[in-house]
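K.L.:
One structure, as structure tokens, below. Some questions next.
The values are calculated or read from the model by the stated rules, or taken from the named source; none is laboratory data. The structure displayed is predicted, hence computed values, not measured ones. Glycine gets a Cβ as well: all are built from the backbone with ideal geometry, and neighbour counts include every protein chain shown. Side chains are part of the model used for accessible areas, which takes the heavy atoms of the whole protein and leaves out ligands, DNA and RNA. Shrake-Rupley method; radii C 1.70, N 1.55, O 1.52, S 1.80 Å.
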Amino acid sequence: MSDRIHTLSGYFYEYQKSVTEPESFWARIADSFHWKKRWDKVLKWDFEGPNVRWFVNGKLNITENIFEKNLFAYGDRTAIIWEPSEPGEDVRKISYKELYHSVCQFSNALKSKGIQKGDRVIIYMPMIPEAAIAMLACARIGAIHSVVFAGFSANALTDRIIDSGAKAILTSDGNYRGNKKIGIKAIVDEALEKSAVETVIVCQRTGQDVTMKAGRDYWWHEVIVGEKDSNVAEEMDSEDPLFILYTSGSTGKPKGVVHSTAGYMVYTKYTFENVFQYSPGDVYWCTADIGWITGHSYIVYGPLLAGATTLMFEGVPTYPDPGRFWAVIEKHKVNQFYTAPTAIRALQAYGTDPIAPYNLDSLKVLGSVGEPINEEAWRWYYNHIGQSRCPIVDTWWQTETGGILVSPIAGITPTKPAFATLPLPGIQLAIVDPEGNELTGNSVEGNLCVKYPWPSMIRTLWGDHARCKETYFSTYKGMYFTGDGVKRDHDGYYRILGRVDDVINVSGHRMGTAEVENAINEHPLVIESAVVGYPHEVKGQGIYAYVICDMAHRTEENLINEIKETVSKIIGPIAKPDKIQIVSGLPKTRSGKIMRRILRKVAEGSTDNMGDTSTLLDPDVVTKIIEGRK
Ligand code: 7RM
């Protein structure tokens, strides 16, 4: 814990060091890990390629740094507390030693099924400890995991199976959503009608009926029988990929963000300990799903590398009632609680009655992630959940950044509602104008870039390095472009303003507008569509779709419902448009580009000033769209 920042001056000191001597700064942090072979050089990089290598030629295994390094010191400490969806079902508490044995045993089973270093393995599972075990077992043998959020549809799963060239899928029979059972294996079966893997391993959770294909499908509890519960971790190079995680961008096809081993390990542990000020014995709870980067970095890897007790919750915030989060905090005496603004706003809508029965005195730190948190939600969270005594860490980061880049250090950095505050050590930000000129000094607003590498940054997009360069390193020469707008205020504090590209953020989930449009266009009667985000009270942003269709055989209402179902089937329920407006035309420029600016204005209901519409092919379209808006 020697890398812990304890004071504000300590933060500024560390930050300064990380900028003036980045290599010795990160070497000091990395030295506290276990290396099978130490690195030759801390960093080699250029953002032209891009080609970024941290801890060059180092050899290690991330799971050895979770287990072997520490089992002697704290093998009996609880690693995972699992809280089931059903409040009456037994809690599971898994110690570091038990987790180690489960991971080894399952990784041995994977090997027996022929899975080797470098193979891709898809994990499509609910929030049960076996999902974390699956990730760690892959890391143990050097297989590259790709977790796919269990809310994604069979279609979305097929795309990811094909793009990653996965050899195996780890899944479950079903999962619980409130008091409903949802078939997961059935979705895998459907996905495998249009793609192929050699092996499917199914963990039993709901006990519902599933079909098992002989020679391909196996039960988790059967494959581990007879496997030893120890092994030697595979030797990985620092830059060997640890995982792929698909995320939405501004084109229709999801991108497979690739993270490598050593840098990700060093950065997630360092940021977890510092941002949340985690102390041994604390109970830490992040409510994300492991299908998102937050689940990877701050439920599994960061906390486990730090020897933390990490709580994993299977359920949803409103089941059996909107007091569930607060009940779980009381039940497990949670000290650090990390959730998303959308959840805060959803619970805020129920008022403070659901909180009243519970004792939240254990709380020390509150966290927020996924989207900008509005001032009102920030204050509600601070006053009613944190009882006006817990600092809020508003953590800004992305799937591509691997870990938190801009955030207060809990209790140390003075906070301001809706500000992510200051960059963490090692993070050199730049705000640029549209031409790419850096805006220096305070009280400036522009696009957020990072001008120097950090250990957990994206290395490539799976199978498409050119797209990685194009998306992140070409807009502004020599810099990583985040896609977010940002303001630096008079104190030098950062406030993230949201996406400046065609990505919308629905309840903290990233959706590409093109991706949703492609799905809508799958409906046979749809001719063309355009999707934009609009301000939504609970979700942050909602999805608004303008659709041109052949109305010959349907009522408008039927068609709208069918389109929603189509999107749900192609991507998943999270991508269902909140509003669909059937239109006869879209506002296009002479060159055929849809003017989204106009569609965004109509969607948010500000229709009095449309700005310059002179470049439109047919300005009448705008009048019709405004008239048609309900
Ligand atoms: C961790 C995660 C990334 C996008 C990002 C932003 C937005 C995330 C904040 C935020 C304002 C925050 N990864 N975002 N955190 N905006 N304040 N604290 O969410 O890849 O799924 O999304 O989310 O727009 O670019 S992500």
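K.L.:
Per-residue HN-Hα couplings for the range 70-75, Karplus 6.51 cos²θ - 1.76 cosθ + 1.60 at θ = phi - 60°, whole Hz, x for Gly and Pro?
P.N.:
Couplings: 10, 4, 5, 6, 8, x Hz.
K.L.:
What list of ³J(HN,Hα) couplings, whole Hz, do you get for the range 260-268 from phi and the Karplus terms 6.51, -1.76, 1.60, once you set θ to phi - 60° and write x for glycine and proline?
P.N.:
Result, ordered by residue: 9, 6, 5, x, 4, 4, 5, 6, 5 Hz.
K.L.:
A further question follows. Taking Cα atoms of the range 165-262, Rg/Rh with Kirkwood Rh, to two decimals?
P.N.:
1.03
K.L.:
Would any residue of the range 410-442 have its amide N under 17 Å from a label point 7 Å out along Cα→Cβ of S9? List them or say none.
P.N.:
The answer is 412-414.
K.L.:
Let me ask something else. Enumerate the amide H contacts of T460 below 5 Å, restricted to partners 5 or more residues apart or on another chain; note that Pro and chain-start residues carry no placed amide H.
P.N.:
V258
K.L.:
Quick check for you: with a 1.4 Å probe and neighbouring chains kept, what is the accessible area per residue of the chain, in Å²?
P.N.:
Per residue, the chain has 37 Å² of solvent-accessible surface.
K.L.:
Here's another thing I want to ask about it. Straight-line reach only, C-alpha to C-alpha below 15 angstrom: list the aspartates and glutamates that K17 could link to, leaving out same-chain residues fewer than 8 apart.
P.N.:
Straight-distance partners of K17: D3.
K.L.:
Long-range amide H contacts for D289: which residues qualify at under 5 Å (H placed 1.01 Å from N, peptide plane, sequence gap of 5 or more or a different chain)?
P.N.:
Under 5 Å from the amide H of D289 lie the amide H atoms of G295, each far enough along the sequence or on another chain.
K.L.:
Moving on to the next point. Towards the positive end of the charge dipole of the range 361-502, with charges on Cβ (+1 Lys, Arg; -1 Asp, Glu), say which of V432, Y493, N447 has the farthest Cα.
P.N.:
Of the candidates, Y493 comes out farthest on the positive side.
K.L.:
A further question on this structure: Report, in deg cm²/dmol and to the nearest 500, the calculated mean residue ellipticity at 222 nm for the chain, where each DSSP H run with n ≥ 4 adds -39500 (n - 2.57) and the sum is divided by the residue count.
P.N.:
-7500 deg cm²/dmol
K.L.:
Relative contact order for the chain using alpha-carbon pairs under 8 Å, separation at least 6, rounded to a whole percent?
P.N.:
With pairs under 8 Å counted, the relative contact order is 12 percent.
K.L.:
Counting Lys +1, Arg +1, Asp -1, Glu -1, what net charge surrounds T271 among other residues with beta carbon under 12 Å of its beta carbon?
P.N.:
With Lys, Arg at +1 and Asp, Glu at -1, the neighbours total 0.
K.L.:
Here's something else I'd like to know. Relative contact order, percent, of the range 413-553 when contacts are C-alpha pairs under 8 Å separated by at least 6 residues?
P.N.:
Relative contact order for the range 413-553 comes out at 17 percent.
K.L.:
Turning to a different aspect of this structure: With a cut-off of at most 15 other beta carbons within 10 Å, and DSSP calling the residue loop, which trypsin sites (Lys or Arg not before Pro) in the range 127-203 qualify? Please list them.
P.N.:
Here the trypsin sites (Lys or Arg not before Pro) that fit, given the DSSP loop and packing criteria, are K194.
K.L.:
Local charge sum around G436 (other residues, Cβ-Cβ under 12 Å, Lys/Arg +1, Asp/Glu -1)?
P.N.:
-1
K.L.:
Still on this structure: Residue by residue through the range 418-427, which ³J(HN,Hα) values in whole Hz follow from phi under the Karplus form 6.51 cos²θ - 1.76 cosθ + 1.60 (θ = phi - 60°), with glycine and proline marked x?
P.N.:
Each residue's phi maps through the Karplus curve to give 6, 10, 6, 6, 10, x, 6, x, x, 9 Hz.
K.L.:
Of all the accessible heavy-atom surface of the chain, with the other protein chains kept in place and a 1.4 Å probe, what percent is carbon and sulfur?
P.N.:
Roughly 49 percent, rounded to a whole number.
K.L.:
Out of residues 5 or more away from V283 or on other chains, whose amide H comes under 5 Å of its own, with H placed 1.01 Å from N in the peptide plane?
P.N.:
Distant-sequence amide H within range of V283: N335, Q336.
K.L.:
Is there a quick way to get the dipole size of the chain? I mean about its Cα centre, with the Cβ of Lys and Arg at +1 and of Asp and Glu at -1; what is the value in debye to the nearest 20?
P.N.:
620
K.L.:
How big is the shadow of the Cα convex hull of the range 515-604, averaged over all directions, in nm²?
P.N.:
Result: a mean projected hull area of 5.9 nm².
K.L.:
Here's something else I'd like to know. Could you give the distance between the Cα centres of the range 152-192 and the range 208-279, to the whole Å?
P.N.:
First find each Cα centre; the distance between them is then 16 Å.
K.L.:
Just to confirm the filter: which chymotrypsin sites (Phe, Trp or Tyr not before Pro) across the range 6-61 are DSSP coil and have at most 10 other Cβ within 10 angstrom of their Cβ?
P.N.:
Sparse-neighbourhood loop chymotrypsin sites (Phe, Trp or Tyr not before Pro): none present.
K.L.:
Would you mind checking the radius of gyration and Dmax of the chain based on alpha-carbon positions, in Å?
P.N.:
Rg and Dmax of the chain, Cα atoms, are 24.1, 74 Å.
K.L.:
Count the lysine pairs in the range 179-243 whose Cα atoms sit under 24 Å apart, keeping only pairs 8 or more residues apart in sequence or on different chains.
P.N.:
4
K.L.:
If you don't mind, another one. Treating the beta-carbon of each Lys and Arg as +1 and of each Asp and Glu as -1, no other charges, what is the dipole magnitude of the range 1-78 about its Cα centre, to the nearest 20 debye?
P.N.:
Magnitude of the dipole: close to 220 debye.
K.L.:
Filter the GluC sites (Glu not before Pro) in the range 169-241 down to the DSSP loop ones having no more than 11 other Cβ atoms within 10 Å, then list what survives.
P.N.:
E193
K.L.:
Give me the percent relative contact order of the range 164-243, please, defined on Cα pairs under 8 angstrom at least 6 residues apart.
P.N.:
So the answer I get is 28 percent.
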